[in-house]
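What follows is calculated from the coordinates using simple rules that are stated; it is not laboratory data. All of these numbers come straight from a predicted model, not from anything done at the bench. Cβ coordinates were reconstructed from backbone atoms using ideal geometry, including for glycine residues, and neighbour counts include every protein chain displayed.
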Amino acid sequence: MVYYVFTLVFFLFVYFILAMGLNIQYGETGILNFAYIGFVAIGAYFTGVFSLPNSANTGQHYILGLGLPFPINLLLGGLAAMFFALLVALVTLRRLRTDYLAIVLISLSLVLYDFCNNYVAAFNGADGLYNVPEPFAKALGLTVNSFIPFFACVTAVISLLMWFVMSRLTRAPMGRTFRAIRDDHVVAAALGKNVFWMQLKSMLIGSFYAGIGGGLLIQFGGSFNPTAWLPGETFVVFAVLIVGGAGNNIGMFVGALLVETLLVHLPAFLPEIPGHPGLIEYFDLALVGIVLIVMLWFRPQGVVPERLRRTASFGVDDTDLPVAPQLPFEPAALQLGDGQ
Amino acid sequence: MSETGALVSIAQTERAAALRCEGITKAFQGVHAVNGAAFDVPRGLITALIGPNGAGKTTLVNILSGAMSCDSGREFIGETEVTNRPSYKVARLGLMRTFQLSRELGGLTVLENLLVAPAQQAGESIVSVLFRPALVRRQEREHAERALQVLETYGLYPLRDNRARELSGGQKKLLEIARAVMASPKILLLDEPMAGVNPALIERIGGYILDLRSSGVTVLMVEHNLNVVEQICDYVIVLAEGRTLATGRLSELRENAEVVKAYLGEVIDAGTAH
C-alpha cells in the first residue's frame, strides 16, 4: 500500500516538474514543443550514464559511465537536455514559428527515438539502461521498500524548489516578455525585444526542467528504455498543461494531479478485467484524450487559468483616480470638420 | 518629376533629418510595392505620408521599422545606417511604430502592455531575477508608475487591469500609441492612427500627436484624412506607385499638378469645382 501511494506521489511531482518546463515553453512563450519527451529522455539517459560505472563492468553498452553521485548526475542530466535544446533551437527557432516549428520538432523527436532505440552504443538501444544506482540507498541502508517513499519525498522537495524558482522567473519582466512574444512576436520585436534570444532562454529553461524530470524518472525506477518515452508521451504532458491551465504554475500541479495521478497511474493499480489483460492501460490513454477534448471544448483556459497581474502587484499605489481622466489638451486647438 | 525639384523642402533647408531613406525598393513576386522611395523625415516635426491605396505606404513603414527587408536602397536613423536591420535593433535606436490594424498583446493587461515596452529591463535576465530581486522590484515600480501616468494621459487608466483583448477598437488604437510612447521613442511611425476611429477620438489622437511633437518626438504618420494632415502635419511626403512623388507643405503640394492628379484630385475637385 505504501509502495503504491508513494509511487503515485512520485509521479505527481515529476509531472509537476515536466509540466512547468513545458509551460514556460508553450504556456508562456508559445513555443509548440512537440519534441518535449525527447528532452526528458536526454535528461534521463544522461543522468543514467553519469551515474552508472564504466560500461565494461556492467554488461550494457553506453557512453560515459562516470559513476558520479546524486545529485551531481541529475544536475548534469538537466544540463545535457539544455545543451540539446540549444542545438535544436539554434537550427529551428531562428526561422520557424508555430505550426512549422511543431512539425520539425515532432519529426526530430521521432528521429531521436529511432536513434536511441537502434544505436546500441549510446544508451544500450532497445534494452535501455538498467541497474542505475539508487541515490543514497547504500549510505542510508535503504531497502527496496523504503527507497520508494524516500525518493518520492526527495522528488517532492526538488519539485517545490523548482516551482519556487519558476514562479520567480514567470512573475518577473522576463515572463511578461515571454507572454508578449506568445501573444504577438511582431509587436514584441517592434518594441525592441530580441524574440529569438528570449525564445532561446525559454527553450533552455524548459528543457532543463524536462531533463531534471527525466533524471528523476531513471533514478526512481533504476532503469529507462525506449518504451518509457514513446513520442506520444509528449501529449500526456500537454494534457497535464491544458487541463491544469496554461500559463499558471500552480495549474501544472493541479493538472499533474488530475491527469497523471488520477487518469494515467491510478487505474494501473486497479484489478485487471478478467480475460482482457492490459485493457485498462490502453483505456487510460483514450480517457486522457477524451478529457483533453472535453477541456478544450468547455474550459480551454484550464482548471486554474492564467492569473491576471493586477496593478497592485507591481508595487505601486492602485487607487482609482477621483475624476474620470480628462483630455490633456484643448480640443478647440484642433478644429476638424469642413476642412477646406 | 520636374515640379518636385521646384518645391522648397523643409528637410533640406531648415531641419536635419531624423530618418532618411534613399532609393528603397521592394518587390513581391514581381510587383513593385516600393520602387525607389527616397525622402527625409525632418527632426521634431509631424510628417504625413500620403498616397493612394497601393502606393506602398504600409510596406514602407514595415521596411523602415525593420519588420520587412528591402531589396535595395538605404535607410538612416540620424547618421546611423540601419538598412535591413531587424526590428528589435531599429527599435533600440529609438524608432517605434504602431500598426494599421491594432495589434494588442491580448493576454496581457493594459498596464502590462505598457510594461513590456521599456528597453533594457534588468528583470529580463535570469541572473538578475534570481540574484538581484531588489533591483528588479525597484525598476518594476518605476516603470509601473510611469506607465500609469501614460495610461492616465491617454484616458486608459480605468482599464489598466483589463486584458487588452477586451478593449474596443478605439481603445486599442490608443493603447498602440501609449505602448509606443512608453518606450520613450525618438521617432514614431504611426500607420493610420486615425483609421476606423470616430471623429471625437480623431481629435483626441490628433491632440496626443501634437503633444508628442512638443516633447520633441519626430512623427511620421500614414494618413488618408487630409483634414487631419492639414491641421496637424508640418510636412507631407506623397508616395505614388512606390515612388516619392513630392515632398513639402500641403499648401505647396496643392499647387503641384502631379500630386493633384495622383491623389488630391478628387478632394480638390469636390471642394472647389463643384
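Got a sec? How would A:297, A:163 order by Cβ neighbour count within 10 Å, fewest to most? Walk me through the numbers before you get to the answer.
Values: A:297 8, A:163 18.
If I rank by nearby Cβ atoms, fewest first, I get A:297, A:163.
May I have the extent of the alpha carbons of segment A:211-316 along their three principal axes, as whole Å values ordered from largest to smallest?
64, 34, 23
Let me know the charge dipole size of the protein assembly as shown about its Cα centre in debye, to the nearest 20, where only the beta-carbon of Lys, Arg (+1) and Asp, Glu (-1) is charged.
1220 debye
In the Gaussian network model of chain B, springs joining C-alpha atoms below 10 Å, which of B:45, B:175, B:108 carries the largest mean-square fluctuation?
B:108
Given N residues in segment A:146-265, what is its alpha carbon radius of gyration divided by 2.2 N^0.38 Å?
1.21
If you bin the C-alpha pair distances of segment A:1-156 every 5 Å from 0, what whole percents do you get?
Using 5 Å bins, I get a P(r) of 2, 8, 14, 18, 18, 16, 12, 7, 3, 1, 0 for segment A:1-156.
Would you mind counting up the charge near residue A:206? Only other residues with Cβ under 14 Å from its Cβ, with Lys and Arg at +1 and Asp and Glu at -1.
+1
Rank these for me by crowding, A:306, B:112, B:79, B:258, going from fewest to most other beta carbons within 10 Å.
B:79, B:258, A:306, B:112
Rounded to the nearest 10 degrees, what's the angle between the helix A:195-221 long axis and the longest principal axis of chain A, both from Cα atoms, 0 to 90?
Between helix and principal axis, roughly 30 degrees.
Can you give me the P(r) profile for chain B? Cα pairs, bins 5 angstrom wide beginning at 0, each as a whole percent.
1, 6, 12, 16, 18, 16, 13, 9, 5, 3, 1, 1, 0, 0, 0
Take the Cα atoms of chain A, build their convex hull, and give its volume per residue in Å³.
201 Å³
Using a cut-off of under 13 Å, list every residue of segment A:187-223 whose amide N is near the label point 7 Å from the Cα of residue A:66 along the Cα-to-beta-carbon line.
Output list for this probe position: empty.
Roughly what angle does helix A:233-244 make with the longest principal axis of chain A, taking Cα atoms, 0 to 90 degrees, to the nearest 10?
50 degrees
How far, in degrees from 0 to 90, does helix A:144-171 lean away from the longest principal axis of the Cα atoms of chain A, to the nearest 10?
20 degrees
Under Stokes-Einstein, with the Kirkwood radius over Cα pairs standing in for Rh, what whole-number D in µm²/s applies to the protein assembly as shown at 20 °C and 1.002 mPa s?
Rounded, D is 79 µm²/s.
Using a cut-off of 13 Å between beta-carbons, work out the net charge of the residues near residue B:218 (Lys and Arg +1, Asp and Glu -1, residue B:218 not included).
In short, +4.
Towards the positive end of the charge dipole of segment A:83-158, with charges on Cβ (+1 Lys, Arg; -1 Asp, Glu), say which of A:139, A:150, A:110 has the farthest Cα.
A:110
Taking 7 Å along the Cα-to-C-beta vector as the label spot, tell me the residue B:130-residue A:139 distance in nanometres, rounded to one decimal.
2.2 nm
When the chain is fully extended, how far beyond the present Cα-Cα distance does residue A:4 get from residue A:313, taking 0.36 nm per residue of separation?
Values: separation 309, 0.36 × 309 = 111.24 nm, distance 4.13 nm.
Contour length minus the Cα-Cα distance gives 107.1 nm.
In chain A, if the dipole is taken from +1 on Lys/Arg beta carbons and -1 on Asp/Glu beta carbons about the Cα centre, which of A:50, A:304, A:129 is farthest to the positive end?
About the Cα centre, the residue reaching furthest to the positive side is A:50.
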